[in-house]
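Undergrad: Structure provided below as structure tokens; questions to follow.
The values are calculated or read from the model by the stated rules, or taken from the named source; none is laboratory data. For clarity, every value in this text was computed on a predicted model and none was experimentally measured. Here Cβ is always computed from backbone atoms with ideal geometry, including for glycine, and neighbour counts include all displayed protein chains. Side chains included, ligands, DNA and RNA excluded: accessible areas come from the protein's heavy atoms. Shrake-Rupley method; radii C 1.70, N 1.55, O 1.52, S 1.80 Å.
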Amino acid sequence: MRVMISGASGLVGRELVRLLTASGHSVTRLVRREAGEGELRWDPRTGQLEEEPPSGIDAAVHLAGENIAAQRWTAAVKRRIRDSRVEGTRRLCETLARWARPPRTLISASAIGYYGDRGDERLEENSPAGSGFLAEVARDWEAATQPAAAAGIRVVVVRLGVVLSPRGGALVRMLPIFRFGGGGVIGSGRQYWSWISLDDTAGAICHLLENESVSGPVNVVAPQSVTNAEFTKTLASVLSRPAMVPLPAFAARWALGEMAEGLLLASARVEPKRLLESGFEFRHPTLATALRSLLSG
């Protein structure tokens, strides 16, 4: 396939480009700077693309968006997070819908933040949206793909969990603390963290690109979600380090503000029902096997 990708320089995007290329697909990266070979310039603020590729595009994967964990959530930061996802997605979809030959498929990123803080409730794709900032953003983010769906493009919305990789993301922030022996549970430790390895994230997106029977929301998480306490215990065990320094909820809120509630203390026990039903096979179905594989190098 000829696949166009936004956010190709991000953690998931880089791995997806590698996997698609290795599988024989051709990749066109959307970039904000002057475009080079294999690239297409676009403006995420307007959705404007430099030109419609003369050879056409079979599928688009939209991963671009402001990093939600880079800084405290001030009003300005929250506005950038929302606009980069909701407005950027809507404008890109409107552009694709206007093309003479629109892609057959659009895979658009979302997040399990869609479900909000739900305790130990088992969450599938038909579970309703939750409340809070991240849930509201995710709901509107997904709705922003409507112009593409209205144009007859098959739209798959991937609700991504916590992506684990030693090359970036949440795990990289945790490793120095845990290797020093300073890791521990966050808050009560009872909140569920729904995770997935980077390998399986890229593999799932490739699977959904090729499986034309799937559309709509798909939870891209491992089949075994764990509590924060279980995550802490497993990571410490894999690293052969103690994990006896807890981070109380009040301290997390003091350090990170509203971000702590959305990213660290909220509980989402998400299940990949549609992904499993579509025949996807996980390389890393359990946290212990995933961490051993990711950290073996």
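Undergrad: Any residue in the range 40-59 that is touching a residue at least 60 places away in the same chain (Cβ under 8 Å) and surrounded by 15 or more Cβ atoms within 10 Å (Cβ to Cβ)?
TA: If we filter the range 40-59 for residues that are touching a residue at least 60 places away in the same chain (Cβ under 8 Å), which is where we start, we get 59.
With the extra rule that they be surrounded by 15 or more Cβ atoms within 10 Å (Cβ to Cβ), the set shrinks to 59.
Yes; the residues of the range 40-59 include at least one that is touching a residue at least 60 places away in the same chain (Cβ under 8 Å) and surrounded by 15 or more Cβ atoms within 10 Å (Cβ to Cβ).
Undergrad: Test A222 against the stated conditions and say whether it is farther than 15 Å from M174 by Cβ and either aromatic (F, W, Y) or part of a helix (DSSP H, G or I) (or both). Give the steps one after another, and end with the answer.
TA: Values: farther than 15 Å from M174 by Cβ: yes; either aromatic (F, W, Y) or part of a helix (DSSP H, G or I) (or both): no.
Here the answer is no, as A222 does not meet what is asked.
Undergrad: Related question: Within the range 115-129, how many residues turn out to be within 18 Å of the chain's Cα centre (by Cα) and in contact (Cβ under 8 Å) with a residue 60 or more places away in the chain? Explain how you work it out, then say what you get.
TA: First pass over the range 115-129, keeping only residues within 18 Å of the chain's Cα centre (by Cα): 115-117, 123-125, 129.
Retained after the next criterion (residues that are in contact (Cβ under 8 Å) with a residue 60 or more places away in the chain): 115-117, 123-125.
Within the range 115-129, residues that are within 18 Å of the chain's Cα centre (by Cα) and in contact (Cβ under 8 Å) with a residue 60 or more places away in the chain number 6.
Undergrad: Would you please name the residue that is most open to solvent (accessible area, probe 1.4 Å), looking only at residues in the range 219-235 that are under 28 Å from S278 (Cβ atoms) and not polar (S, T, N, Q)? I'd like the intermediate steps shown before the answer.
TA: If we filter the range 219-235 for residues that are under 28 Å from S278 (Cβ atoms), which is where we start, we get 219-227, 230-231, 234.
Now restrict to residues that are not polar (S, T, N, Q): 220-223, 226, 230-231.
Working: V220: 0, V221: 0, A222: 2, P223: 60, V226: 11, E230: 89, F231: 5 Å².
Result: E230.
Undergrad: Can you name the residue in the range 265-276 that is crowded, with 22+ Cβ neighbours inside 10 Å and either acidic (D, E) or touching a helix residue (DSSP H, G or I) at 6+ places or on another chain (Cβ under 7 Å) (or both) and, of all such residues, is farthest from Y115 (Cα to Cα)?
TA: L275
Undergrad: It is to be established whether one or more residues within the range 246-264 are on the phi > 0 side of the Ramachandran plot and either out of contact with any helix residue (DSSP H, G or I) (no Cβ under 9 Å at 6 or more places or on another chain) or assigned to a loop (DSSP other than H, G, I, E, B) (or both).
TA: Yes, the range 246-264 contains at least one residue that is on the phi > 0 side of the Ramachandran plot and either out of contact with any helix residue (DSSP H, G or I) (no Cβ under 9 Å at 6 or more places or on another chain) or assigned to a loop (DSSP other than H, G, I, E, B) (or both).
Undergrad: Follow-up question, since we're still on this one. If I filter the range 15-36 down to residues being more than 13 Å from I205 (Cα to Cα) and basic (K, R), which single residue comes out as modelled with the highest pLDDT?
TA: The residue in question is R29.
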